[in-house]
Amino acid sequence: MSQEFVIEIASRTMYYLFLIAGPILITGLIVGLLVSLFQNATQIKEMTLTFIPKLAATMLFLVIAFPWMMSKFIEYVSYIMNVISTLNQ
């Protein structure tokens, strides 16, 4: 196993990690920002108020984007399986 081979696997893994997890994290970030702006506009300083909208938005995003995320994950796993099968040769 060469150094380039390991770097290729690591870069593919990071790519799929950011591709799958990134939109979920960005959704939580955007909803948190919007709730924070609402809290500042209304002078409500309740720390637990951000939790429920973030959770709801993240769950809604997961329900909507799950088929796409699963297809990307299957694509990654098939790549890894192909790489593993070539290691023994």
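No value in this document is a laboratory result; all are computed from the given coordinates. Since the structure is predicted, the reported quantities are computational estimates derived from the model, not experimental observations. Cβ: placed from backbone, ideal geometry, glycine included. Neighbour counts: every protein chain shown.
Which of (i) 65, 27, 14; (ii) 60, 35, 19; (iii) 73, 36, 22 is the computed Cα extents along the principal axes in Å for the structure on display?
(i)
Could you tell me the calculated FRET efficiency between LEU25 and ALA65, based on Cβ-Cβ distance and R0 = 22 angstrom, to the nearest 0.05?
Values: r = 13 Å, r/R0 = 0.57.
For LEU25 and ALA65, the calculated efficiency is 0.95.
With the crude spin-label approximation of a point 7 Å out along Cα→Cβ, what separation in nm comes out for GLN39 versus GLU75?
Label-label distance for GLN39 and GLU75, simple model: 3.6 nm.
With +1 on each Lys and Arg Cβ and -1 on each Asp and Glu Cβ, and nothing else charged, work out how big the dipole of the chain is about its Cα centre, in Debye to the nearest 20. Write out the running numbers ahead of the final one.
Numbers: 4 positive and 4 negative charges, 51 e Å.
Dipole about the Cα centre, nearest 20: 240 debye.
Given the Cα-Cα distance of SER85 and PHE5 and 0.36 nm per residue of separation, how much length would full extension add, in nm?
Working: separation 80, 0.36 × 80 = 28.80 nm, distance 1.38 nm.
The SER85-PHE5 span can extend by a further 27.4 nm.
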